[in-house]
Amino acid sequence: MKIAVFSDTHGNITALEAVLRHIDAQNPDTLVCLGDIAYKGPAPSACVRAVRELAIPCVYGNTDEYLLAAAGFGTHPNVQELPYLRWHTSRMDPADIEYLRALPFEYRLEADGQTFLFVHGTPQHCNAAIMPNDSAAKIGEQIADARADWIIMGHIHTPFLFRHGNTVLANAGAVGFSLDGDWRASYLMLDTAARSVSFHRVEYDLERIVSIAKNSRFCFSPEWYRDALAKGWWEPVPYGQRSAIDQFP
């Protein structure tokens, strides 16, 4: 079985469409989405709709939870971030919100005698991460109850593949924006019969998504957004200091 896995589209519909075209050319048996679909990009509704219409397994990520909190389904701890979240939710349909509300934390699949666990962050929390340079003890704690031969993740916007004991850990990277210095969108393909993983980087029309950001009066500065996309690194500026960049709200 060939399984295409993508994550962290973050409202970048141009990158998502390019990745889906590239995936389609590989003729996989199924696709899996690892969440963080809409927030931090100028086309949140279009991305949710595109994933929803694929009718594929999808789990929720931490920013999906943030959007639900801004829409009234929970509490978001950072008041300074709420205007940014509400910019997105104000441009999303009720069906988008209901789709996010229905997403599960994890998805499991068995194929060719192996168990595959798909999560956004770690098997324990959507807003945590496993890193290749983590200690063996830390990784062991995070996957102790996973009960899976393979754990496939997103969240950190950086692809990786390594083995911990009898478990293979892989990260699909990110579609919407990278954090590893490579601006191209990322996804991975599992071949369960061959017990292999291939990583793919996909170029997309960066100027088109920047144009969408400008035309939609994106809450993040379109110029800053373009620079972040182009260099493959989203500078973690605290929301309390972002007003000088975004002049928002």
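Annotation: extensible slack from Ser211 through Asp182 equals 8.3 nm (criterion: 0.36 nm per residue apart, minus Cα-Cα distance). Antiparallel beta bridges, as assigned by DSSP with both residues in segment 1-157, represent about 45 percent of the total such bridges.
The lysines whose alpha-carbon is closer than 17 Å to the alpha-carbon of Lys231, local same-chain residues fewer than 8 away aside, are Lys40. Residues Glu81, Glu235, Glu110, ranked from the fewest to the most other C-beta atoms within 10 Å, line up as Glu235, Glu110, Glu81.
Neighbour counts of other Cβ atoms within 10 Å put Lys2, Lys231 in the fewest-to-most order Lys231, Lys2. Computed about its Cα centre, the charge dipole of segment 85-197 is approximately 180 debye, with only Lys, Arg, Asp and Glu carrying charge at their Cβ. Per-residue ellipticity at 222 nm from helix content only, as computed over the chain with -39500 (n - 2.57) for each DSSP H run of at least four residues, stands at -9500 deg cm²/dmol. Relative to the longest principal axis of the Cα atoms of the chain, helix 222-231 runs at roughly 30 degrees. At an R0 of 45 angstrom, the distance between the Cβ atoms of Met1 and Val237 translates into a FRET efficiency of 0.60. For segment 132-201, trypsin sites (Lys or Arg not before Pro) meeting the loop criterion (DSSP other than H, G, I, E, B) and having at most 14 other Cβ atoms within 10 Å: Arg147, Arg195. Using Cα pairs closer than 8 Å and at least 6 residues apart in sequence, work out the relative contact order for the chain, in percent. It rounds to 22 percent for the chain. Excluding same-chain neighbours fewer than eight residues apart, no lysines are reachable from Lys138 by a Cα-Cα span under 17 Å. Label reach from Thr75 (point 7 Å along Cα→C-beta): in segment 98-142, amide nitrogens under 20 Å belong to 126-127. Using only Cα atoms, find the angle between the long axis of helix 13-26 and the longest principal axis of the chain, and express it within 0 to 90 degrees, rounded to the nearest 10. Taking Cα atoms only, the helix is inclined about 20 degrees.
Each reported figure results from applying straightforward, stated rules to the coordinates on display, with no laboratory input. As the structure is a computational prediction, the values presented were derived from the model and not from experiment. Positions of Cβ are backbone-derived with ideal geometry, glycine not excepted, and every protein chain shown enters the neighbour counts.
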